[in-house]
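What follows is a short report on a single structure.
The values are calculated or read from the model by the stated rules, or taken from the named source; none is laboratory data. Values in this document were obtained by computation on a predicted structure and should not be read as measured data. Methodologically, a virtual Cβ is constructed for each residue, glycine included, from the backbone with ideal geometry; neighbour enumeration extends over all protein chains shown.
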Amino acid sequence: MATAVSPHPPNVLAAGTVVRCWHWVDGRNLGVRKAIVLGSYSAYDPAACYWMWFYTLGPASRDEHTVCHSFPREITTVGTVEDMSERMLAKVVAGLADFPEASAVRDRAAALVDHLRKARLTRRR
């Protein structure tokens, strides 16, 4: 019996997607929190698991209180970093400054901060 292979790629969340997901620390569920997808946990199956940064809890670090992984069934998409304010984006850039694995999100947020700042300063003239 042959199995059909879908021609469409799996639904993979892009780095920089803002989500709500369960926050687990030391096997304890601390509830649902907002997080930013930093990337895929596995290069072989990018839709299997994601690295999440709970940006409301402080700067990204190896400590599982701020960065951990989540499975797709635990994730609800809320938006993207493009939906954030200039002030919040600046905090995102600062929070990811010492976390090299999140350079794609940090660079994307930094470009948005510059764009929004220029737009704000241009309006004042």
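Would you point out the residue of segment 26-46, among those that are small (Gly, Ala, Ser) and loosely packed, with under 15 Cβ neighbours inside 10 Å, that is nearest to residue 76 (Cα to Cα)?
Taking the candidates together, the pick is 31.
Here are the criteria: (1) surrounded by fewer than 20 Cβ atoms within 10 Å (Cβ to Cβ); (2) outside any helix (DSSP H, G or I); (3) not acidic (Asp, Glu). Tell me which single one residue 60 does not satisfy.
(1)
Here's a check for you: in segment 92-125, which residue that is buried (at least 17 other Cβ atoms within 10 Å of the Cβ) and of a type in the set (Lys, Arg) is farthest from residue 55 (Cα to Cα)?
Per the criteria, the residue is 108.
Any chance you could count how many residues in segment 36-57 are closer than 16 Å to residue 95 by Cβ and either small (Gly, Ala, Ser) or part of a loop (DSSP other than H, G, I, E, B) (or both)?
So the count comes out to 2.
With respect to the numbered conditions (1) crowded, with 18+ Cβ neighbours inside 10 Å; (2) modelled with pLDDT of 90 or more, which one is the sole condition not fulfilled by residue 82?
Status for residue 82: all satisfied but (1).
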